[in-house]
Amino acid sequence: MRHRLNLLDALLAAAERPHEVLDLVLSAADAEEATAAVAGALGTSPPAARAVLDAQWRGLTRQGLQRLHAERDDLRARAPGPVL
């Protein structure tokens, strides 16, 4: 559950800063560098950054983002203890 929450947080953070994320990806020498840059910019883990890099643009429509927000809110409500 916490892993999924971290992924959702990273995807939603990236959706709020799409141009910055794209600039990081375009300026990276390779996928590993892009992953590290995105993880650093979003303050997230490498697996969550890879999820951002693997995300399909069609999932970032307003409807798609509403679904991600709803899923994250549901998981946060059910998660025991603080979510990092």
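The values are calculated or read from the model by the stated rules, or taken from the named source; none is laboratory data. The model shown is predicted, which means the values in this text are computed figures rather than measured ones. In this analysis, Cβ positions are derived from the backbone assuming ideal geometry, glycine residues included, and neighbour counts consider all displayed protein chains. Calculation scope for accessible area: heavy atoms of the full protein, side chains included, ligands and nucleic acids excluded. Shrake-Rupley method; radii C 1.70, N 1.55, O 1.52, S 1.80 Å.
Please say if the stretch 41-84 is rounded, prolate or oblate, where rounded means a/c under 1.5 for a ≥ b ≥ c the square roots of the C-alpha gyration tensor eigenvalues, and otherwise the choice is prolate for a/b larger than b/c and oblate otherwise?
oblate
Under 8 Å for C-alpha pairs, at least 6 residues apart: give me the relative contact order for the chain, rounded to a whole percent.
Details: 63 pairs, mean separation 35.2, N = 84.
After rounding, I find 42 percent.
If every alpha-carbon in the chain counts as one equal scatterer, what log10 I(q)/I(0) does Debye give at q = 0.11 1/Å?
-0.29
Accessible area per residue of the chain at 1.4 Å probe, in Å²? Walk me through the intermediate numbers first.
On the way: 5500 Å² over 84 residues.
Normalised by residue count, the accessible surface of the chain is 66 Å².
Report, in debye and to the nearest 20, how large the dipole of the chain comes out about its Cα centre when Lys and Arg carry +1 and Asp and Glu carry -1 on their Cβ.
460
Carbon and sulfur atoms: what percent of the 1.4 Å accessible area of the chain do they account for?
C and S fraction of accessible area: 55 percent.
So what does T44 come to for accessible area, using a 1.4 Å probe and Å² rounded to 10?
Looks like 40 Å² after rounding.
Given R₀ = 25 Å, what would the calculated FRET efficiency be for M1 paired with Q63, taking r from the Cβ atoms and rounding to 0.05?
That gives a FRET efficiency of 0.55.
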